[in-house]
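Down below is the structure, laid out as structure tokens.
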Amino acid sequence: LVADADTGAVLAANRATVDHRPASTMKILTALSIAHHLDPQSMVRAPSDVEQIDGTRVGLEHGKRYKVHDLFTAMLINSGNDAAQTLADAFGGTDKTLAAMRAEAKLLQANNTSPGTVSGLDKTGQHTTAYDLALIGRAAINDKVIAPYLTIRRANLPTPDGRSVELQTHNPLLGKYPGIIGVKDGYTTKAQATYIGAARRNGH
């Protein structure tokens, strides 16, 4: 689906309302649901099972404390599933976060989106559509808290021992496509490649 980010008008689409697995594009909905409720400068503790989380991780250590801003950076540019889970725990847990994600999807009228994980890892019953991802992506690039994360190409994640881990964006168009302003890619074996992208040309 291709849409106008200003008006939301759909310009071209093919099977845009067919259910698909979202992979890590679901993290955009996670961010929209909880970012405004967490102080970016506060420190939160990684959960006990953080090192066993499947998929892409940024190396968080259980019981150690990390800054919320750094965790959102790790989740949104490096697609860290461990960062997503730590943020969800800081918000009040997985169930509370999923409830907030369902409410946010309803608010955005992304009515065919059903979150099952906070990271986008495959789970039975979790699905979205190209149309809904356009709504979610449009909301993200217009969100003053979330939008700045979406164009970060490289960042350092401070570690509890005083070192840092270098993070690099997984968005393949950042730095390559003129005017790119985000938003998020994803991949799982079952979902295959998923992507939401946005660009600005001549102020539009």
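With a probe of 1.4 Å, find how much accessible area the chain has per residue, and write the answer as a whole number in Å².
Heavy-atom SASA per residue in the chain reads 51 Å².
Using the Cβ of residue 169 as centre and a radius below 10 Å, the other residues enclosed give a net charge of +2, where K and R count +1 and D and E count -1. A simple count of charges around residue 6, restricted to other residues whose Cβ falls under 11 Å of its Cβ and scoring Lys, Arg +1 and Asp, Glu -1, yields +1. Taking the accessible area of the chain, probe 1.4 Å, and keeping the other protein chains in place, the carbon and sulfur fraction comes to 47%. Can you give me the angle between helix 94-107 and the longest principal axis of the chain, using Cα atoms only, in degrees from 0 to 90, rounded to the nearest 10? It is inclined by approximately 20 degrees.
Counting 0.36 nm for each residue step from residue 176 to residue 161 and taking away their Cα separation leaves a gain of 1.9 nm. Take the Cα of residue 2, step 7 Å toward its Cβ, do the same at residue 168, and the gap between the two points is 3.0 nm. Centroid-to-centroid, using Cα positions, region 91-126 and region 171-196 are 20 Å apart. Note on residue 65 and residue 153: the extension gain reaches 29.3 nm, defined as 0.36 nm multiplied by sequence separation minus the Cα-Cα distance. In whole percents, the pair-distance distribution calculated for region 132-174 from its alpha-carbon pairs, binned every 5 Å from zero, is 5, 19, 17, 22, 16, 11, 7, 3, 0.
In region 58-179 the Cα-Cα distances spread across 10 Å bins starting at 0 as 12, 39, 37, 12, 1 percent of all pairs.
Rounded to the nearest 0.05, the FRET efficiency derived from the C-beta distance between residue 14 and residue 95 at R0 = 35 Å is 0.50. Mind checking the log10 I(q)/I(0) for the chain at q = 0.10, 0.12 Å⁻¹? Debye, one equal scatterer per Cα, no solvent, two decimals. Values, matching the q order: -0.38, -0.55.
The values are calculated or read from the model by the stated rules, or taken from the named source; none is laboratory data. Remember, predicted model here, so these are calculated numbers, not experimental data. Neighbour counts run over all protein chains shown; Cβ positions are idealised from the backbone, glycine included. The accessibility values were calculated without ligands, DNA or RNA, using every heavy atom of the protein model including side chains. Shrake-Rupley method; radii C 1.70, N 1.55, O 1.52, S 1.80 Å.
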